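Take a look at the structure below.
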Amino acid sequence: MFLTAIGEDPNRPGLVETPDRIARMCAELFGGLEQTAAEPLAKRFPVDENNLVMEKDITFYSVCEHHLLPFYGKVHIAYVPDGSVVGLSKLARTVEVFARRPQIQEQLTTGVMVMVEAEHMCMTMRGIKKPGTKTVTASMLGCFEKDVALQERFYNFLRLG
(Lines give C-alpha, C1' and ligand atoms only; values in the text may rest on other atoms or scores of the structure.)
Protein backbone atom coordinates (compact mmCIF):
# COMPACT_ATOMS: atom_id res chain seq x y z
CA MET A 1 0.00 0.00 0.00
CA PHE A 2 2.83 2.38 0.82
CA LEU A 3 4.55 1.82 -2.54
CA THR A 4 1.29 2.43 -4.38
CA ALA A 5 0.57 5.53 -2.27
CA ILE A 6 3.89 7.13 -3.28
CA GLY A 7 3.23 6.37 -6.94
CA GLU A 8 5.45 3.30 -7.30
CA ASP A 9 4.60 0.05 -9.03
CA PRO A 10 4.94 -2.72 -6.42
CA ASN A 11 5.40 -5.22 -9.27
CA ARG A 12 8.51 -3.43 -10.57
CA PRO A 13 11.46 -5.90 -10.40
CA GLY A 14 13.41 -3.87 -7.83
CA LEU A 15 10.39 -3.64 -5.53
CA VAL A 16 8.84 -7.11 -5.69
CA GLU A 17 10.59 -8.28 -2.49
CA THR A 18 10.43 -4.90 -0.72
CA PRO A 19 7.21 -5.60 1.25
CA ASP A 20 8.79 -8.71 2.78
CA ARG A 21 11.98 -6.80 3.62
CA ILE A 22 9.94 -4.01 5.22
CA ALA A 23 7.94 -6.54 7.27
CA ARG A 24 11.17 -8.10 8.60
CA MET A 25 12.60 -4.65 9.34
CA CYS A 26 9.47 -3.65 11.27
CA ALA A 27 9.58 -6.87 13.29
CA GLU A 28 13.12 -5.95 14.32
CA LEU A 29 12.58 -2.21 14.88
CA PHE A 30 9.39 -2.68 16.89
CA GLY A 31 10.30 -5.92 18.69
CA GLY A 32 10.24 -4.13 22.05
CA LEU A 33 6.45 -3.97 21.89
CA GLU A 34 6.36 -7.66 22.75
CA GLN A 35 8.94 -7.48 25.57
CA THR A 36 9.09 -6.15 29.12
CA ALA A 37 12.05 -4.89 31.11
CA ALA A 38 11.29 -7.41 33.87
CA GLU A 39 13.18 -10.22 32.14
CA PRO A 40 16.61 -8.58 31.73
CA LEU A 41 16.36 -6.87 35.13
CA ALA A 42 15.51 -10.11 36.97
CA LYS A 43 19.14 -11.33 37.03
CA ARG A 44 20.73 -9.78 40.12
CA PHE A 45 23.89 -10.17 42.16
CA PRO A 46 24.20 -9.39 45.89
CA VAL A 47 26.47 -6.54 46.98
CA ASP A 48 27.48 -5.19 50.38
CA GLU A 49 27.95 -1.58 49.30
CA ASN A 50 25.27 0.67 47.82
CA ASN A 51 27.50 2.93 45.73
CA LEU A 52 26.36 4.67 42.56
CA VAL A 53 26.38 2.44 39.47
CA MET A 54 26.39 4.02 36.01
CA GLU A 55 26.30 2.51 32.55
CA LYS A 56 26.99 5.24 30.01
CA ASP A 57 27.12 5.65 26.26
CA ILE A 58 24.67 2.82 25.51
CA THR A 59 23.94 3.30 21.81
CA PHE A 60 20.28 3.01 20.85
CA TYR A 61 18.08 3.33 17.77
CA SER A 62 14.37 4.09 17.99
CA VAL A 63 11.53 5.38 15.81
CA CYS A 64 9.58 8.60 16.32
CA GLU A 65 5.89 7.80 16.68
CA HIS A 66 4.93 11.07 14.97
CA HIS A 67 6.88 10.65 11.72
CA LEU A 68 7.99 7.00 11.82
CA LEU A 69 11.52 8.25 11.23
CA PRO A 70 14.49 7.03 13.25
CA PHE A 71 16.20 8.80 16.09
CA TYR A 72 19.36 7.51 17.69
CA GLY A 73 21.89 8.38 20.29
CA LYS A 74 23.31 7.44 23.67
CA VAL A 75 21.65 6.53 26.95
CA HIS A 76 23.29 7.00 30.36
CA ILE A 77 21.70 5.13 33.29
CA ALA A 78 22.59 5.36 36.97
CA TYR A 79 21.12 3.76 40.05
CA VAL A 80 21.96 3.15 43.67
CA PRO A 81 21.73 -0.58 44.46
CA ASP A 82 19.64 -1.73 47.36
CA GLY A 83 21.57 -4.86 48.30
CA SER A 84 21.89 -6.13 44.72
CA VAL A 85 23.05 -5.05 41.28
CA VAL A 86 21.89 -6.13 37.84
CA GLY A 87 24.32 -7.56 35.31
CA LEU A 88 25.91 -4.81 33.22
CA SER A 89 24.58 -6.19 29.94
CA LYS A 90 21.10 -6.21 31.46
CA LEU A 91 20.95 -2.40 31.49
CA ALA A 92 21.80 -2.31 27.78
CA ARG A 93 19.18 -5.02 27.14
CA THR A 94 16.61 -2.95 29.01
CA VAL A 95 17.43 0.06 26.83
CA GLU A 96 16.83 -2.16 23.77
CA VAL A 97 13.42 -3.25 25.07
CA PHE A 98 12.28 0.36 25.39
CA ALA A 99 14.05 1.71 22.29
CA ARG A 100 12.44 -0.89 20.00
CA ARG A 101 9.03 0.80 20.13
CA PRO A 102 7.48 3.73 18.27
CA GLN A 103 7.64 6.61 20.74
CA ILE A 104 8.83 10.06 21.60
CA GLN A 105 12.21 10.45 23.25
CA GLU A 106 10.68 11.78 26.44
CA GLN A 107 9.06 8.36 27.03
CA LEU A 108 12.43 6.67 26.74
CA THR A 109 13.77 8.72 29.66
CA THR A 110 12.12 6.89 32.52
CA GLY A 111 14.27 5.29 35.18
CA VAL A 112 16.12 5.94 38.39
CA MET A 113 18.38 8.50 36.72
CA VAL A 114 18.49 8.37 32.98
CA MET A 115 19.80 10.79 30.38
CA VAL A 116 19.23 10.32 26.67
CA GLU A 117 21.03 12.28 23.95
CA ALA A 118 19.61 11.68 20.48
CA GLU A 119 19.63 12.95 16.91
CA HIS A 120 16.19 12.85 15.32
CA MET A 121 16.01 12.22 11.59
CA CYS A 122 12.84 14.35 11.41
CA MET A 123 15.16 17.26 12.29
CA THR A 124 18.06 16.04 10.13
CA MET A 125 16.59 14.83 6.84
CA ARG A 126 13.29 16.75 6.66
CA GLY A 127 11.76 19.90 8.09
CA ILE A 128 14.48 22.21 9.41
CA LYS A 129 17.30 19.93 8.06
CA LYS A 130 19.84 20.52 10.85
CA PRO A 131 22.12 17.45 11.14
CA GLY A 132 24.03 17.10 14.38
CA THR A 133 21.31 18.72 16.49
CA LYS A 134 20.93 16.72 19.71
CA THR A 135 17.88 16.49 21.93
CA VAL A 136 18.73 15.77 25.57
CA THR A 137 16.21 14.48 28.12
CA ALA A 138 16.72 13.39 31.71
CA SER A 139 14.67 11.75 34.42
CA MET A 140 15.41 11.61 38.15
CA LEU A 141 13.38 9.26 40.31
CA GLY A 142 13.77 7.63 43.71
CA CYS A 143 16.77 8.77 45.72
CA PHE A 144 17.97 10.94 42.80
CA GLU A 145 14.85 13.09 42.89
CA LYS A 146 15.86 15.29 45.83
CA ASP A 147 19.53 14.43 46.36
CA VAL A 148 21.45 17.15 44.50
CA ALA A 149 24.81 15.63 45.49
CA LEU A 150 23.80 12.32 43.89
CA GLN A 151 22.69 14.16 40.75
CA GLU A 152 26.07 15.91 40.65
CA ARG A 153 27.86 12.55 40.92
CA PHE A 154 25.83 11.37 37.90
CA TYR A 155 26.90 14.40 35.86
CA ASN A 156 30.52 14.08 37.04
CA PHE A 157 30.54 10.43 35.91
CA LEU A 158 29.35 11.60 32.50
CA ARG A 159 32.28 13.98 32.22
CA LEU A 160 34.77 11.17 32.83
CA GLY A 161 36.29 9.91 29.59
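The values are calculated or read from the model by the stated rules, or taken from the named source; none is laboratory data. Quick caveat, the model's predicted, so the values are computed rather than measured. Cβ placement follows ideal geometry from the backbone for every residue including glycine, while neighbour counts extend to all protein chains displayed. Only protein heavy atoms, including side chains, enter the accessible area calculation; ligands, DNA and RNA are left aside. Shrake-Rupley method; radii C 1.70, N 1.55, O 1.52, S 1.80 Å.
Tabulated data for the structure shown
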quantity	calculated
Rounded percent of accessible protein surface that carbon and sulfur make up, region 1-99, 1.4 Å probe	57
Neighbour cut-off at most 10 other Cβ (10 Å), DSSP loop, GluC sites (Glu not before Pro), region 1-32	17
Distance histogram in 5 Å bins (all Cα pairs of region 112-155, percent per bin)	6, 21, 21, 12, 11, 10, 11, 7, 0
Relative pair counts by distance (%), Cα atoms of region 21-73, 10 Å bins	16, 37, 28, 15, 4
Per-peptide average of other Cβ atoms within 10 Å, ordering 66-73, 40-47 highest first	66-73, 40-47
Heavy-atom surface of region 1-93, accessible at 1.4 Å and reported per residue (Å²)	67
FRET E, pair residue 41, residue 151, Förster distance 25 Å, beta-carbon r, rounded to 0.05	0.65
In nm, spacing of pseudo-spin labels at residue 50 and residue 28 (7 Å Cα→C-beta vector)	4.2
Rg over Rh [alpha-carbon atoms, Kirkwood Rh] for region 48-117	1.03
Cα-based Rg of region 2-95 normalised by 2.2 N^0.38 Å, two decimals	1.60
Using θ = phi - 60° and Karplus 6.51 cos²θ - 1.76 cosθ + 1.60, couplings along region 31-37 (whole Hz; Gly, Pro as x)	x, x, 5, 9, 10, 10, 6
R0 of 30 Å, Cβ-Cβ distance residue 11-residue 72: FRET efficiency to nearest 0.05	0.35
Sulfur and carbon atoms: percent of accessible area, region 101-140 [1.4 Å]	58
Estimated FRET transfer efficiency when R0 is 22 angstrom, pair residue 59-residue 80 (beta carbons, to 0.05)	0.35
Overall Cα dimensions of region 17-161 - principal axes, largest extent first, Å	55, 33, 25
